[in-house]
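Nothing in this text is a laboratory measurement; each read-out follows from the coordinates by a stated rule. Since the model is a prediction, treat every value here as computed from it, not as a measurement. Here the Cβ is made from the backbone with ideal geometry for all residues, glycine too, and neighbour counts use every protein chain on show.
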Amino acid sequence: MAETLSISTDERLSVLDVTDRVAAALPADADGTATVFVPHTTAAVTVNEGEPRLVDDLETAFAELVDDDGWAHDQIDNNADSHIRASLIGPSVTVPVSDGSLDLGTWQSILFVECDGPRTRSLEVRTG
């Protein structure tokens with residue numbers, strides 16, 4: 001089973017907790033795993049705590065880890081930093097599922113990371 005979610009962002013670099021949206025996309029009888037995949041080269045997904053101050057800290061850390069400019073790819077479309085950040089974080093996560101529910105740890109959330117916004121993106125949720 002697969003479902004595509006639409007995710008809209010307002011900032012160039014932002015982290016959004018999409019756990020509830022992913023959970024709602026699961027079939028009621030799903031067992032096994034859910035793969036959450038971002039089919040974009042300048043967005044990513046990770047699992048971490050969705051606490052608002054930590055989300056702000058993640059945005060700050062991602063911005064500080066990679067310089068905004070000075071990259072060869074910037075000669076094409078000025079977003080090499082976005083590609084690099086997304087590559088470091090990764091395009092997918094796999095989460096165990098039981099009886100249609102995500103089996104995340106107590107403090108774990110699924111976080112969508114926009115690196116080249118604002119944009120509207122697709123986020124694919126596949127169970128199997």
Only unsatisfied item for V95, checking (1) of a type outside the set (D, E); (2) surrounded by fewer than 19 Cβ atoms within 10 Å (Cβ to Cβ); (3) in contact with a Ser or Thr (Cβ under 7 Å, 6 or more places away or on another chain), is (2)
May I ask you to verify whether L54 is assigned to a strand (DSSP E or B) and within 24 Å of D81 (Cα to Cα)? no
Contact list please: Cβ distance under 6 Å, first residue in the range 50-65 and in contact (Cβ under 8 Å) with a residue 40 or more places away in the chain, second residue among the β-branched types (V, I, T), pairs at least six apart or on different chains. V55/V15; L58/V15; E59/V15
Given the criteria polar (S, T, N, Q), in contact (Cβ under 8 Å) with a residue 60 or more places away in the chain and on the phi < 0 side of the Ramachandran plot, does T41 qualify? no
Just for the range 36-76: of the residues that are of a type outside the set (V, I, T) and within 24 Å of E3 (Cβ to Cβ), which one is surrounded by the fewest Cβ atoms within 10 Å (Cβ to Cβ)? P39
Of everything in the range 104-122 that's out of contact with any Lys or Arg (no Cβ under 8 Å at 6 or more places or on another chain) and surrounded by fewer than 13 Cβ atoms within 10 Å (Cβ to Cβ), which residue is nearest to L5 (Cα to Cα)? T120
